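Asks: Pasting a structure below so you can have a look.
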């Protein structure tokens, strides 16, 4: 069912991607200095952060990651892989806090699916719920704070439900 809502397309923050690229390059360079003292650790550092630098550089150049919010649901494109989640498959959105040694390291947007949503592995959904409290998540916050994106998506979800007669 198509409702009369504007389509909104959000992209990952270029500033964040540039920052991650810079950090990855600096750590890869640091790996070269480490090779003299500990070759195994130095090469591992170069490989890991060099690979990260490549991923962030490609993401910046290709610009193929986005979130499209339209009257039918969400279209998520991440590294060229596209998935669609219709509104009727979504119960709600929430903020997931990723914790590291007692403090919040980052925040993501979690998705709780509606009853009857059959996509994906139920074992994976159960593991996600045990770890984060949500069955799924978005791969990025698209240049927004997680809380602001959750508010935006929940408002769109409410609007679609009201227009389609699913909510009172």
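Asks: For the ranges 148-159, 74-85, what's the packing order if you count other beta-carbon atoms within 10 Å of each residue, average per peptide, and put the highest first?
Replies: Going by the mean number of other Cβ atoms within 10 Å, highest first, we get 148-159, 74-85.
Asks: Angle, helix 146-164 long axis vs. longest principal axis of the chain, Cα atoms, 0 to 90°, nearest 10?
Replies: 20
Asks: What length, rounded to one decimal in nm, is gained on full extension from residue 155 through to residue 23, with 0.36 nm per residue of separation minus their alpha-carbon distance?
Replies: The span from residue 155 to residue 23 would gain 44.0 nm if fully extended.
Asks: Hey, what number do you get for the chain at 222 nm if only DSSP H runs of n ≥ 4 count, each worth -39500 (n - 2.57), divided across all residues, to the nearest 500?
Replies: Computed ellipticity for the chain at 222 nm equals -15500 deg cm²/dmol.
Asks: Treating the angle as unsigned and between 0 and 90°, give the value, to the nearest 10°, between the Cα long axis of helix 39-62 and the longest Cα principal axis of the chain.
Replies: Around 40 degrees separate the two axes.
Asks: For residue 47 and residue 15, calculate 0.36 nm times their separation in residues minus their Cα-Cα distance, and state this gained length in nm to one decimal.
Replies: Separation in residues times 0.36 nm, less the Cα-Cα distance, equals 9.2 nm.
Asks: For the Cα atoms of the chain, what angle does the longest principal axis make with the long axis of helix 14-35, in degrees from 0 to 90, nearest 10?
Replies: Compared with the principal axis, the helix lies near 30 degrees.
Asks: Then there is this: Rounded to the nearest 0.05, what FRET efficiency is calculated for residue 77 and residue 8 with R0 set to 25 Å and r the Cβ-Cβ distance?
Replies: Plugging the Cβ-Cβ distance into 1/(1 + (r/R0)^6) gives 0.95.
Here, each number is a calculation from the coordinates, and none is a lab measurement. Predicted, not measured: the structure shown is a model, and the values here were computed from it. No Cβ is skipped: glycine too gets one built from the backbone with ideal geometry, and neighbour counts run over all protein chains shown.
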